[in-house]
Structures are given as C-alpha cells and as structure tokens.
Amino acid sequence: MSQFLWLIPGTPMLGALIIALLGGLLQRRHLAIMATCAAAIAFLVVLLTWLAGAATSQPLQQTLYTWIAVGDWNPTIGFILDRLALIMVSVVSGVGLLIHIYSISFMAEDSDQRRYYFFLNLFLAGMLILVLADNLLLLYLGWELVGLCSFALIGFWYHEPMRASAGRKAFITTRIGDMSLALGIFLLYSQFNDLSLSYLLANAAAQWEAGSQLAILTALLILGGAIGKSAQLPLQVWLPDAMAGPSPVSALIHAATMVTAGVYLIARTYPLFELAPHVQWSVAAIGAITIIYGASAALAQNDFKRILAYSTISQVGYMFLALGCGAYALALFHLVTHAFFKSLLFLAAGTVIHSSGNEHNIHNLGRLGNHSPLVRWSFLIGAASLAGFPLITAGFYSKEAILTATWSAPAGPLLWVFAAFGVLLTAVYIFRVYFLVFQGSQSSASMPSVSGSMTWPLLILALFSLIGGFVEFPEGWPAPHLWSTWLEDEFKSVVLPPLAIAYSLQFITSLLPLIGIVLAFVLVRRKQIGHSLPIIVFLRRGWGFDALYQTMLIQPYFSLARFLKNTDTLLVEGTLQKLTHACLIFATACRSGVEHGVLDKSINGLLAGLRFGYARLSATQNGLLTRYALMISAGAVFLLSYWLW
C-alpha cells in the first residue's frame with residue numbers, strides 16, 4: 001500500500017486543480033459532485049490502508065522525488081503513515097467527506113460554488129499533506145496551505161465587510177504562530193542540518209540534555225505555532241470571528257481539522273517537549289486556563305455559532321492539557337471524539353440557521369418555529385457528548401480519561417479542578433442552547449424538511465458521537481482499553497492514580513454534567529443569563545482580549561502606518577519641489593545661450609515624466625494581495641529565467 005500514499009492528499013489536490021482550470025465549463029451541481037468524489041477517493045484509500053493491515057504493521061513510507069538539492073541537504077516530497085498519522089488522516093478524510101456531502105444541498109443556491117469547492121478540496125489536500133509529511137519542510141507547506149485556504153473560506157462571502165474582516169483577522173493572527181514555527185524549524189536545521197522528522201527526533205533526544213536551552217527554545221517556538229493554529233490563549237481571538245464563513249466550513253476547520261493541527265504537531269514532536277519539562281507543563285497550564293476561558297465566554301454568548309466557536313477553544317484546551325500531562329494517546333482520543341460531536345453540532349446548527357432565514361440569535365431561533373426532529377435529536381446527541389453525559393456518549397469516555405490522567409501530573413490536583421469546572425460549565429452552556437432553541441418554541445409553523453445529502457452526515461456523526469468512545473473504558477472497569485493498548489508503541493503509558501482515587505474522580509466526572517444540565521434548565525427558566533450585568537458583558541466580549549489587542553497593537557500599528565505614509569508623501573513631494581527648483585535655476589543660467597521655448601518644453605517634459613512615474617509606482621502599493629502576488633511571481637519567473645539562461 002505504500003506506493004498509493006500519494007493518492008490520499010493527491011486526489012483532493014487534483015480535484016482542486018480540475019475545478020480551477022475547467023470549473024467554468026461545469027454546472028454547479030457537477031462542481032459539487034466532482035469535489036465530493038475527490039474527497040471520497042481519499043477516504044477510500046485510507047480505508048484500504050486499514051484493510052491492508054496498516055494499523056498493525058510497520059509505518060508505511062513513500063518518497064515521490066527529491067524536492068530541493070542544496071549541498072548535502074536533499075529534502076524530499078515524502079509521506080509516512082504510522083499509527084499517529086493514520087488516526088489523523090482517518091478523521092480528516094472521513095469528516096471531510098461528510099462535510100462535502102452536506103455542502104451539496106447547503107450551498108446549492110450559492111452563485112460562487114466553483115471558488116467554494118476549489119478551496120474546500122485544496123484545504124483538505126493541505127491538511128492531509130501536513131499530517132503525512134515525513135519532514136518539517138513539507139509539513140510547513142501543508143501548514144501554510146491550510147492557513148491560506150482557511151482565510152479564503154472564512155471570508156468566503158467577502159462582499160460583506162464583517163466577513164472579509166474575519167478572514168483577515170484569522171490570517172494575521174495565525175501568522176504570528178506560523179512565524180514562531182518557522183523559527184523553530186530554522187533552529188532545528190541549524191543544529192542538525194536535516195529536517196526529516198525521524199532523524200530530528202532521534203538526534204535531539206541523543207544530543208540534547210533535558211532542560212537544555214536549545215531544547216527549551218525549540219519547544220517554545222513549536223508551541224507558539226501550535227497555539228496559533230489551535231486557537232489557544234493568547235492567540236485565540238481569531239476563532240469566534242471565523243464563524244463568518246459557511247457552516248460546513250466551520251464544521252471542517254473548527255472541529256476536525258485546522259484547530260487540531262496544533263495538537264497533532266505537539267504529539268508528533270513530543271520527544272522535543274519531553275526534553276523541556278517546564279515547557280511541557282506550560283502546555284498543560286495553557287490548556288487548563290483555556291478550558292475555563294472558552295467555557296465561560298460561551299456561557300454568555302447569544303450567537304448560535306459563536307457559542308460553538310468558544311466551545312471549540314475550550315475543548316481543544318482539554319487536548320492541550322492531556323499533551324502537557326504526557327497523556328498523548330488520550331489527547332488524540334479526545335481529538336477523535338471531538339471531531340464527531342463538534343462537527344455534528346456545527347452541521348445541526350447550520351441546518352437550523354439555514355432554515356430560519358440566516359437567524360443566529362438563539363433567543364429568536366426558539367421563537368421562529370419548530371425544528372426538524374432529525375436536527376433536534378442530532379443536536380441533543382452532540383450536546384450530550386460535548387457535555388460528557390455519562391456512559392452513553394463518546395465525549396464522556398475521552399474527557400474522563402483526560403481528567404483521571406491529569407491527577408498524577410505535576411500540580412495535577414490544581415489542573416484537575418480547572419478541567420472539572422470546565423466540565424460543569426460545558427454542560428451549562430450547551431444545554432442552555434438546547435433548551436432555548438429546541439424546547440422553547442411556541443410557534444405552530446410547519447417543520448422544515450432536511451434534504452438527503454444533509455441527512456446522512458447528521459446520522460453518521462450522531463452514531464459515532466455515541467459509540468466512538470467504546471474503544472477506551474475508564475481505569476479499573478472490566479472492559480478493554482483498546483485505544484491506549486494500540487498506541488503503546490507510539491507513546492509511553494501515562495501514570496494513573498490509585499484505583500480508589502480513580503473511582504472517586506470518575507464519580508465526580510459523571511456527576512458534573514448532570515448538575516450542569518439541571519443548572520442550565522433552571523437558568524433558562526428564570527432567564528438569569530442574557531442581561532447586561534458587567535460580568536456577563538465581560539464574558540460575552542471574550543474577557544476583553546479583542547479590546548486589549550485593539551488598544552495595545554492594532555491602533556498603534558495603524559497610527560504608525562499613517563505617519564509613515566504621510567512622511568513618505570511629504571518626502572516625495574519635497575524631492576519633486578527641490579528638483580523643480582534646481583531645473584529652474586539651470587534654465588535661468590542657460591537662458592542666454594539656448595532657445596527659451598525649447599528649454600521650457602524640455603524641463604516641463606522632465607517634470608511630467610517624473611510625476612507620471614511617481615503616480616504609477618504609487619499605484620502598485622494599493623493593498624491588493626493579488627497584485628502583490630502577481631508582482632512577486634513575475635519577479636521570481638524573471639530571476640529563474642535569468643538563472644537558467
């Protein structure tokens with residue numbers, strides 16, 4: 001099967017190219033079918049790798065060709081499929097396929113489906129390249145491709161300024177993390193002269209001592225990249241605004257793929273973090289604080305999708321908490337279950353919003369009319385799994401495993417309190433949404449129907465949101481631990497507390513979601529959430545991070561930009577005035593020997609040429625990204641042509 005690995009990212013990439021080159025000749029529905037078929041082939045190849053025994057055999061590797069040859073450095077376009085990558089490609093391709101199917105009906109009336117499906121296929125290809133890459137250079141290519149496509153998809157309806165601004169915000173914020181990751185890659189290459197993941201991780205563990213400055217700096221730089229992509233504190237501000245994109249995009253980017261790229265990156269490079277214990281503990285601390293941040297902010301929101309966005313921030317915080325505690329397998333376990341129930345919640349929310357005239361306010365949605373039983377039950381299953389409803393939902397098993405493993409980590413009881421409080425808040429905010437939207441309607445309006453292409457993704461995701469956790473039962477239960485056993489060769493086992501403590505923690509973890517559901521019901525009935533108390537306003541504004549960054553970073557930046565622009569304009573105008581004055585002096589000196597009319601025309605022509613050149617050069621700096629890209633590409637082609645010649 002190794003010779004077919006390239007088909008996993010290759011088919012979505014080919015689908016994107018066909019849509020870009022020939023999409024103008026196809027009808028809208030044909031575009032949707034072509035993009036969906038490309039995603040389906042990628043998923044089919046992943047299934048074949050499972051059937052061929054990739055889950056139990058040695059990692060599969062494929063090297064397509066040497067990408068760049070510079071001295072002794074020969075980075076390749078190469079892929080590796082081990083158990084970690086197999087988990088990710090299964091989730092990305094599987095959920096990606098369901099979202100493509102869902103989009104067929106959801107985007108049927110949109111006039112720009114060619115651009116939508118081009119970027120959707122390209123995003124899927126970029127994410128699969130990121131996961132399968134066997135070296136950091138190729139991984140970074142997929143990393144940046146995912147960022148570019150997320151910018152295009154979040155700002156898909158760019159004719160609305162708010163949506164275009166959300167795309168720019170996501171792009172710029174994640175660039176901060178991307179720059180950190182790039183610096184980490186440069187540092188690793190400067191030390192080892194290679195970017196192969198297997199070579200780097202083996203040699204770093206052999207050459208660097210635990211706690212060394214280089215290990216700490218490298219881990220910090222990689223952590224910066226992970227924080228940006230996974231929307232963790234303090235780079236989380238882009239994700240709530242990213243809900244401006246279509247609902248299928250929200251499900252794909254903010255549930256199963258892009259926001260979990262940082263989790264995958266840390267899990268893939270975990271030997272580097274184990275060489276920097278303080279940085280690894282910082283990962284856990286960031287995750288614990290982000291859990292509370294996301295859950296508390298979600299509690300005060302009234303926008304349907306914005307609540308789910310803050311929920312994603314909080315749930316990825318659980319994955320970071322597990323990574324920081326050394327429970328890498330459990331972080332991936334929650335990554336998988338989260339992909340199921342959060343995609344389900346986003347698609348159910350998108351169906352409600354789509355059938356309610358694009359209404360997002362949860363108070364209004366409950367009054368607009370009755371909702372389809374399929375959507376109501378799908379959302380209820382997703383909400384129960386997100387809250388960690390005991391025994392019957394996948395979210396319970398993955399979240400309980402993380403909380404139990406956290407107890408034995410450094411400062412474990414403190415981290416556990418944060419995580420447990422997050423469980424309580426999660427149940428409150430998600431069932432607040434359920435009670436307001438699906439149980440509060442007094443309208444007798446007819447229930448809207450759900451098309452077939454939207455029905456099947458909801459049913460499949462609902463099923464896995466229930467049964468997806470049965471691969472890893474809690475510690476001490478007379479049931480198998482298939483997940484941790486399967487990954488024991490990839491990651492070392494985590495230290496767990498004694499059984500008596502584990503049973504107590506499991507009981508509390510089971511009780512908290514039930515208490516949260518009751519609290520949500522009481523608060524909705526008494527209407528205690530939604531008014532303008534200062535604490536509610538503070539939480540609704542995401543703890544004021546946007547206002548803080550606006551004051552400290554954005555406004556000073558724009559002020560500096562305006563100052564430099566005005567300074568540049570004055571400098572150019574002053575230069576032109578001095579040149580004009582010099583020309584006049586020259587004309588006066590030469591007037592006796594030269595025909596006056598000829599000299600005037602020459603000077604005027606020179607000035608006109610200078611003004612024309614200034615106007616043309618100024619026009620190139622117009623802020624259009626496409627113009628800059630064209631100029632950069634043209635320059636690159638010119639230099640390459642000159643070098644080849």
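The values are calculated or read from the model by the stated rules, or taken from the named source; none is laboratory data. These numbers come from a predicted model, not from an experiment. Here Cβ is always computed from backbone atoms with ideal geometry, including for glycine, and neighbour counts include all displayed protein chains.
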Completion exercise
Here the residues within the stretch 611-636 that are among the β-branched types (Val, Ile, Thr), surrounded by 10 or more Cβ atoms within 10 Å (Cβ to Cβ) and modelled with pLDDT under 75 are Thr620
Exercise for the section: Of all residues in the stretch 345-384, count the ones that are part of a helix (DSSP H, G or I), in contact with a Leu (Cβ under 7 Å, 6 or more places away or on another chain) and among the polar types (S, T, N, Q). Expected result: 1
Practice task
For Ala383, state whether it is under 25 Å from the mean Cα position of the chain (by Cα), in contact (Cβ under 8 Å) with a residue 60 or more places away in the chain, crowded, with 16+ Cβ neighbours inside 10 Å and in the same structural domain as Pro513 (by TED's automatic domain parsing).
Solution key: no
Exercise for the section: For the stretch 403-512, please list each of the helices (runs of 4 or more DSSP H) lying entirely inside it that holds at least 2 residues being under 24 Å from Ala284 (Cα atoms) and free of Cβ contacts under 8 Å to residues at least 60 places away in the same chain. Expected result: 412-438
Fill in the blank from the handout: The number of residues in the stretch 123-152 that are under 14 Å from Ala85 (Cα atoms) and polar (S, T, N, Q) is 1
Exercise for the section: Determine which member of the set Tyr116, Tyr140 is without any contact (Cβ under 8 Å) to a residue 60 or more places away in the chain and part of a helix (DSSP H, G or I). Expected result: Tyr140
Practice task
Tell me which residues, restricted to the stretch 169-203, are surrounded by 13 or more Cβ atoms within 10 Å (Cβ to Cβ) and β-branched (Val, Ile, Thr).
Solution key: Thr173, Thr174, Ile176, Ile185
Practice task
Search the stretch 406-419 for residues being of a type in the set (Gly, Ala, Ser) and over 25 Å from the mean Cα position of the chain (by Cα), and hand back the single one that is surrounded by the fewest Cβ atoms within 10 Å (Cβ to Cβ).
Solution key: Ala411
Completion exercise
Ile104 vs (1) in contact with a Lys or Arg (Cβ under 8 Å, 6 or more places away or on another chain); (2) at pLDDT 95 or above: all pass except (2)
Problem - From Ala206, Ala166, residue being part of a helix (DSSP H, G or I) and crowded, with 16+ Cβ neighbours inside 10 Å - result: Ala166
Completion exercise
Being hydrophobic (A, V, I, L, M, F, W, C) and either on the phi > 0 side of the Ramachandran plot or not assigned by TED's automatic domain parsing to the domain that holds Leu330 (or both) narrows Ala226, Ala242 down to just Ala242
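Yes/no matrix, rows are residues, columns are (1) assigned by TED's automatic domain parsing to the domain that holds Ile536; (2) surrounded by 24 or more Cβ atoms within 10 Å (Cβ to Cβ); (3) among the aromatic types (Phe, Trp, Tyr); (4) modelled with pLDDT under 95:
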residue: Leu252; (1), (2), (3), (4): yes, yes, no, yes
residue: Val259; (1), (2), (3), (4): yes, yes, no, yes
residue: Val279; (1), (2), (3), (4): yes, no, no, no
residue: Ala284; (1), (2), (3), (4): yes, yes, no, no
residue: Thr290; (1), (2), (3), (4): yes, yes, no, no
residue: Ala295; (1), (2), (3), (4): yes, yes, no, no
Exercise for the section: Name every residue in the stretch 139-149 that is within 13 Å of the chain's Cα centre (by Cα) and either farther than 15 Å from Gly177 by Cα or surrounded by fewer than 21 Cβ atoms within 10 Å (Cβ to Cβ) (or both), in order of residue number. Expected result: Gly142, Glu144, Leu145, Leu148, Cys149
Exercise for the section: Looking at (1) farther than 21 Å from Phe79 by Cα; (2) part of a loop (DSSP other than H, G, I, E, B), find the lone condition where Leu223 falls short. Expected result: (2)
Handout entry: Check on Val524, at pLDDT below 90, not in a helix (DSSP H, G or I) and not small (Gly, Ala, Ser)
Key = no
